[in-house]
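Bear in mind that the values in this text are calculations on the coordinates, not laboratory data. Remember, it's a predicted structure, so these values are computed and weren't measured experimentally. Neighbour counts run over all protein chains shown; Cβ positions are idealised from the backbone, glycine included.
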Amino acid sequence: SWTTGSVIEEQVAAIREQVGNRRAICGLSGGVDSAVAAALVQKAIGSQLTCVYVDHGLMRKGETEQVEKDFVAATGVQLKVVDAEERFLKALAGVSDPEAKRKIIGREFIRVFEQAQAEIVAEAPGDQPVEFLVQGTLYPDVVESGGGTGTANIKSHHNVGGLPEDLEFKLIEPLRKLFKDEVRMVGQELGLPEEIVQRQPFPGPGLGIRIVGEVTKERLDLLREADAIAREELTAAGLDRDIWQCPVVLLADVRSVGVQGDGRTYGHPIVLRPVSSEDAMTADWSRLPYDVLARISTRITNEVADVNRVVLDVTSKPPGTIEWE
Ligand code: XMP
C-alpha cells in the first residue's frame, strides 16, 4: 500500500542507482513540486546535486528573494541563481499564441540549464559529469501534456511537452506518479517547512501565460502589481487554505472604457480566477466573499495604472482550464 515513507525509500534507492557518482542539477521554481523533487534528490545524492533557479522575469513580486531565502535555509542545498530575464523577454517578443509561448519558455529553460551545467563543470572540472536534470513533473502534468494513455494534449506543460527535442540531459522525475496532495505529504515527511509544502501552485511559465497577448516588461510589471494586491488581500482575509490558487490574468489585448476622477479612461481588464480543486484535473470557481472581491477590485483599479476594470471568472474546469493559456 501507498505510504509516503515507502515512496521516499523507493525513490531514493532508484535515484542513487540511476545517478551513481555522477552529478545532477535541479530547476527550482519556488513551487512545491520542484522543492520536493529537489529535497528528495538531495536526500539521495547530497552534494552531487546543485539547484538552479532561473529568474526568467516572469515571476511574481518577491518570489525570487523568497526562493533564495526559504529553500536554502530549509535544506542547505547548493543554489545557483541565473538572471535570465533579458533572454526570456527577447525570445517571447512578438509572440501571443499560448502554445508558442509555452514551447519557447520550455526551450529557454533548458538552454539556461545547459549553460548552468557548463558553469558548474568549469567551476569544478575534476569532478564527475553533470548528466542529469531533476524536474518536479507530476502525474497530472504528464496526462495533460498528452503523455498519458490516449489523452489529448491540453497544454504543453513547460517541463513535459515544452521540452526541446535535442535535450542533452537525462531526466530524473521522482514525482511523475504522484498527485499534488501526495507531493505535499512527501515534502512534509522530508521535513520541508509549512510555507513551502502548503504553497499554492504556480505554473513554471509564470506570468508569461497570464498575459493574454504579447509579453512585455511593462505588462509584466503591471500584472505583478495587480497580482500582489490580490494575494495580499486573500492572505489578509485568511483564505489561502480555502482556495487551490487564484491566477490573476491581464487581458493585454483588450481595452474598455471607464471613468476615473473627472476623466474618461481606456484601460485593460484584470481577471481574477480563484479556484477550488483537489488535484487540478478538475476545478470549481471559488465563492469568495463579496467584500474581499470588492477590496481587491477597488485596490487594483486605484493602485495599478492602466487597469480600469476587474472581472471575476466563474467557469469550472472543465470546460475552462485553471490558467487562461
Ligand atoms: P490548467 O490551466 O491546465 O492548470 O488547468 C492545472 C494546474 O497546473 C498548473 N500549470 C502548470 N504548472 N507548468 C507547471 O509547473 C506549466 O506549464 C503549467 N501549466 C499550468 C496550473 O497553475 C494549475 O495549478
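How much mean residue ellipticity at 222 nm does the chain get from its helices, if each DSSP H run of length 4 or more adds -39500 (n - 2.57) and you divide by all residues, to the nearest 500 deg cm²/dmol?
The helix contribution divided over the chain gives -12000 deg cm²/dmol.
Tell me, what is the percent relative contact order of the chain, built from C-alpha pairs under 8 Å that lie six or more residues apart?
17 percent
By average Cβ neighbour count within 10 Å, what is the ranking of 264-271, 317-324 from highest down?
With the highest mean Cβ count within 10 Å placed first, the list reads 264-271, 317-324.
If you fit an axis through the alpha-carbon atoms of helix 4-19 and take the longest principal axis of the Cα set of the chain, what angle between them do you get, 0 to 90°, nearest 10?
60 degrees
Please list 3J(HN,Hα) in residue order for the stretch 231-240, calculated via the Karplus relation 6.51 cos²θ - 1.76 cosθ + 1.60 where θ = phi - 60°; whole Hz, with x for glycine and proline.
Taking θ as phi minus 60°, the curve returns 5, 4, 5, 5, 5, 4, 7, x, 9, 4 Hz for the stretch 231-240.
If I model a spin label as a point 7 Å beyond the Cα along the Cα-Cβ vector, how far apart are those points for A100 and E65 in nm?
Modelled inter-label distance: 3.6 nm.
If r is the Cβ-Cβ distance from Q188 to K317 and R0 is 22 Å, what FRET efficiency results, to the nearest 0.05?
About 0.25, to the nearest 0.05.
Applying the Karplus parametrisation 6.51 cos²θ - 1.76 cosθ + 1.60 with θ = phi - 60° to the phi angles of the stretch 135-142, what ³J(HN,Hα) value in whole Hz is obtained for each residue in order, glycine and proline being reported as x?
10, x, 5, 9, 4, x, 5, 5
Can you bin the stretch 4-197 into rounded, prolate or oblate? Criterion: square roots of the alpha carbon gyration tensor eigenvalues sorted a ≥ b ≥ c, rounded for a/c under 1.5, prolate for a/b above b/c, oblate for the rest.
Rounded is the answer for the stretch 4-197, as its axis ratio a/c remains below 1.5.
If the cut-off is a Cα-Cα distance under 14 Å, which aspartates and glutamates reach K101, setting aside same-chain residues fewer than 8 apart in sequence?
Candidates past the 8-residue exclusion: E214, E323, E325.
Take every DSSP beta bridge with both residues inside the chain and express the antiparallel ones as a percent of the total, to the nearest 5.
30 percent
Apply 1/(1 + (r/R0)^6) to the Cβ-Cβ distance of V259 and Y290, taking R0 = 25 Å, and write down the FRET efficiency to the nearest 0.05.
0.65
Quick one: which residues, 5 or more positions from Q78 or on another chain, have an amide H under 5 Å from its amide H? H modelled 1.01 Å from N in the peptide plane, none for Pro or chain starts.
So Q78 has HN proximity to C51.
Would you pull out the residues with amide H under 5 Å of Q245's amide H, same chain only if 5 or more places away, H placed 1.01 Å from N?
Hits under the 5 Å cutoff: V275.
Each residue of the stretch 193-201 in turn: what ³J(HN,Hα) in whole Hz from Karplus with 6.51, -1.76, 1.60 and θ = phi - 60°, glycine and Pro shown as x?
Once θ is set to phi - 60°, the couplings for the stretch 193-201 become x, 3, 4, 7, 5, 9, 4, 6, x Hz.
Report the gain in length on full extension from K170 to E232: 0.36 nm times residue separation, minus Cα-Cα distance, nm rounded to one decimal.
That works out to 18.4 nm of additional length.
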